[in-house]
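The values are calculated or read from the model by the stated rules, or taken from the named source; none is laboratory data. All values reported here derive from a predicted model rather than from experimental measurement. Cβ placement follows ideal geometry from the backbone for every residue including glycine, while neighbour counts extend to all protein chains displayed. Keep in mind that these areas ignore ligands, DNA and RNA; they rest on the heavy atoms of the full protein, side chains included. Shrake-Rupley method; radii C 1.70, N 1.55, O 1.52, S 1.80 Å.
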Amino acid sequence: MLHRLLFICCLLAAGVCLISSPAASRPVAELATLEWPPYSGSYLDRQGYASEVVRQAFAASGMDTRLHFFPWERAIRSMKHHGYAGYTPEYYSETRRDCLFSAPFPAGPLFLFQLRGRNLHYTSLDDLRGLRIGTVSGYVNTDAFDSAEFLLKDPAVDDVSNLRKLLAGRVDVIVGDALTLRFLLTRELGLPAGTIEPLEPPLDNKSLHVCFNPRYPAAGDYISAFNRGLEQMRHNGTLKALHSRLYDAYMPGM
C-alpha cells in the first residue's frame, strides 16, 4: 500500500517547524487589518502600502500572509477571540501591554487639521484648551495627546466621519494622518486637498508596526521572521522604494 508520506518542513529563517505534506503551501501569517487608506484597504492596489510591506517582509522569510479586513476596533478584538497572529498597521504606544510590536516601517506625519482660513495656531497641547478636537475612537495618536484629559475630544467612528465633522463646523480641528486625510478628502469626498490645512508643528512623524498577539503560540517566531524580512527590505532598498511611491501618489512634493 502507498501512503502519503509526511515530512517535517522546517522554516529555518523564521524558526518555525510545521508538519506538512509535500504539496503543502508555505506557512501563512493570518492577520487582521482595517480599511485605512492609503496604508491598507481591500479596494486598494495590492491592498495598500502597509499591506504590501507586511507581505514582502514575511515572504523574505519564507512565509505567506493572509489579511482579514474588519472595522478597526473589531480588528483589535479579533486577534484575541479568533486566534489571529496579530493585526496591522498600528502606531507604537508605550501604554499598549497587549501587543508585541514589530520593528517599525515608515508612515506619514500626524497633524492637527483645520479648515483653510481659520488661522488657528499652537505651540503646545495646552494651547488647544477650549477647542473641540475631532478624534477617531480606538486610534492611538501620541501618548501625550491621548492622556491629556483637559482637551475636549469628540470621537468619531472613522476618519471620513471625522472629516465631515470638521467640514460641517462641528469641531474646530481634527487629528489625522496627513496621507490618509488627503486621500479621503480627494478620493472619497471629492474635495480639493487644500480644503483643510495642517497646524504646525506635527504631533508626530509616525512609523507603523505589526501588533503581534502575545497569546498566539508562535508569536515569537512570527515577529522574528517579520523583522528579519523587513531588515532585508531596508537593506536592499525595497522599503524606501515602496514609501517613496506612497508619497509620490498621495503627497507629491513632500
Hits in the range 99-124 - residues which are among the aliphatic types (A, V, I, L, M), touching a Phe, Trp or Tyr at 6+ places or on another chain (Cβ under 8 Å) and in a loop (DSSP other than H, G, I, E, B): Ala103
May I ask you to list pairs of residues, at least six apart or on different chains, whose Cβ atoms are under 6 Å apart, with the first in the range 135-149 being modelled with pLDDT of 95 or more and the second being crowded, with 16+ Cβ neighbours inside 10 Å and assigned to a loop (DSSP other than H, G, I, E, B)? none
If you go through the range 174-192 one residue at a time, do you hit one that is buried (at least 21 other Cβ atoms within 10 Å of the Cβ), in contact with a helix residue (DSSP H, G or I) (Cβ under 9 Å, 6 or more places away or on another chain) and among the aromatic types (Phe, Trp, Tyr)? yes
Mind checking which residues of the range 132-171 are surrounded by 12 or more Cβ atoms within 10 Å (Cβ to Cβ), of a type in the set (A, V, I, L, M, F, W, C) and more than 24 Å from Thr95 (Cβ to Cβ)? Val160, Leu163, Leu166, Leu167, Val171
List pairs: first in the range 227-247 and over 21 Å from Phe101 (Cβ atoms), second at pLDDT below 95 and open to solvent by 60 Å² or more (accessible area, probe 1.4 Å), Cβ under 6 Å, 6+ apart or cross-chain? Tyr247/Met254
Pairs returned, first residue in the range 210-222 that is closer than 13 Å to Ala103 by Cα and modelled with pLDDT of 90 or more, second residue that is open to solvent by less than 20 Å² (accessible area, probe 1.4 Å) and charged (D, E, K, R), beta-carbon separation under 7 angstrom, 6 or more apart or interchain, are Cys211/Glu90
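State all residues of the range 29-61 that are part of a helix (DSSP H, G or I), touching a strand residue (DSSP E or B) at 6+ places or on another chain (Cβ under 7 Å) and open to solvent by less than 10 Å² (accessible area, probe 1.4 Å); if no residue qualifies, say none. Lay out the reasoning, then the answer.
Within the range 29-61, the subset part of a helix (DSSP H, G or I) is 45-47, 49-60.
Remaining after also requiring touching a strand residue (DSSP E or B) at 6+ places or on another chain (Cβ under 7 Å): 47, 50-51, 53-55, 58.
If the condition is that a residue be part of a helix (DSSP H, G or I), touching a strand residue (DSSP E or B) at 6+ places or on another chain (Cβ under 7 Å) and open to solvent by less than 10 Å² (accessible area, probe 1.4 Å), then Ala50, Ser51, Val53, Val54, Phe58 are the ones that fit.
If I filter the range 194-219 down to residues being open to solvent by less than 30 Å² (accessible area, probe 1.4 Å) and among the aliphatic types (A, V, I, L, M), which single residue comes out as nearest to Pro106 (Cα to Cα)? Walk me through how you get there before you give the answer.
We begin by selecting, within the range 194-219, every residue open to solvent by less than 30 Å² (accessible area, probe 1.4 Å); these are 196, 199, 206, 208-213, 218-219.
With the extra rule that they be among the aliphatic types (A, V, I, L, M), the set shrinks to 196, 199, 208, 210, 218-219.
Numbers: Ile196: 24, Leu199: 21, Leu208: 6, Val210: 12, Ala218: 26, Ala219: 22 Å.
The qualifying residue nearest to Pro106 (Cα to Cα) is Leu208.
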Among the numbered criteria (1) crowded, with 19+ Cβ neighbours inside 10 Å; (2) modelled with pLDDT of 95 or more; (3) closer than 28 Å to Glu231 by Cα; (4) under 19 Å from the mean Cα position of the chain (by Cα), which single criterion is violated by Pro106? (1)
Could you figure out which of (1) touching a residue at least 60 places away in the same chain (Cβ under 8 Å); (2) surrounded by fewer than 17 Cβ atoms within 10 Å (Cβ to Cβ); (3) within 30 Å of Thr65 (Cα to Cα) isn't true of His121? (3)
Any chance Tyr87 is assigned to a strand (DSSP E or B) and within 21 Å of Asp159 (Cβ to Cβ): yes
From the list Arg26, Arg96, exactly one residue is part of a loop (DSSP other than H, G, I, E, B), free of Cβ contacts under 8 Å to residues at least 40 places away in the same chain, in contact with a strand residue (DSSP E or B) (Cβ under 8 Å, 6 or more places away or on another chain) and closer than 22 Å to Phe226 by Cβ. Which is it? Arg26
